[in-house]
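Derivation of every value follows stated rules applied to the coordinates shown; laboratory data play no part. Quick caveat, the model's predicted, so the values are computed rather than measured. Backbone-built Cβ (ideal geometry, glycine too); neighbour counts: all protein chains shown.
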Amino acid sequence: MAGVELIPGEYGYVILTLVLYCFLNVWMAGRVLKARKLYNVHYPTLYASESENKEAKIFNCVQRGHQNSLEMMPMFFMLMIVGGIKHPSICTLLGLVYIVGRYFYFTGYATGDPKNRISLGRFAFFALLGLLITTISCGIKIVIA
C-alpha cells in the first residue's frame, strides 16, 4: 500500500501525456505508409535506394523522421515515468513540449530536406534535457528520503 502513496494524483497527467505521444507515433507511422504508396517503396524495404527510385530521398526522410522518433521513445518514456513520480506537473509540461517538438522534427524532416527538422524540432531535445534533470532529482529525493 505504501507504493500507492508515493505516486501523486497529478501523475495521471504524465500517463495521459505518454498516451498522447502514442497517438503521435501512430500518426507518423501512417505518414510512412502513405509515403510507401506514393513513392512505390514496398515492404520489407526499410529505405529506398536512390539508384532504383528517383524519389528515394524524400521517402527516406519520412522514414528516418519516424525511425528517429522510435529510437528516442524508450528514453522519453523512461524519463517521463521516473521523473514524473516526484515532478508530475513539470514532466507533463516538458512532455508536451517534447511531443510538439517531435511533431515539428518529423514534419520538417518529411519535407525531404533533413535540415528542416531542426528549426522547431530542437525544442524536443531541450525538453528531454529537462526530463533528465527531473529524473535525476527524483532519484536523489528517493535516496535521501
Out of Phe106, Phe59, Phe77, Phe123, I need the residue that is in contact with a helix residue (DSSP H, G or I) (Cβ under 9 Å, 6 or more places away or on another chain), buried (at least 16 other Cβ atoms within 10 Å of the Cβ) and under 27 Å from Tyr11 (Cα atoms). Which one?
Phe123
So which of Thr111, Thr135 ends up being crowded, with 16+ Cβ neighbours inside 10 Å and more than 14 Å from the chain's Cα centre (by Cα)?
Thr135
Among the residues of region 91-102 satisfying the criterion of being crowded, with 18+ Cβ neighbours inside 10 Å and of a type outside the set (Gly, Ala, Ser), which is nearest to Ile15 (Cα to Cα)?
Thr92
The helices (runs of 4 or more DSSP H) lying wholly within region 1-112 that contain at least 3 residues that are more than 18 Å from Thr134 (Cβ to Cβ), free of Cβ contacts under 8 Å to residues at least 12 places away in the same chain and basic (Lys, Arg) are none
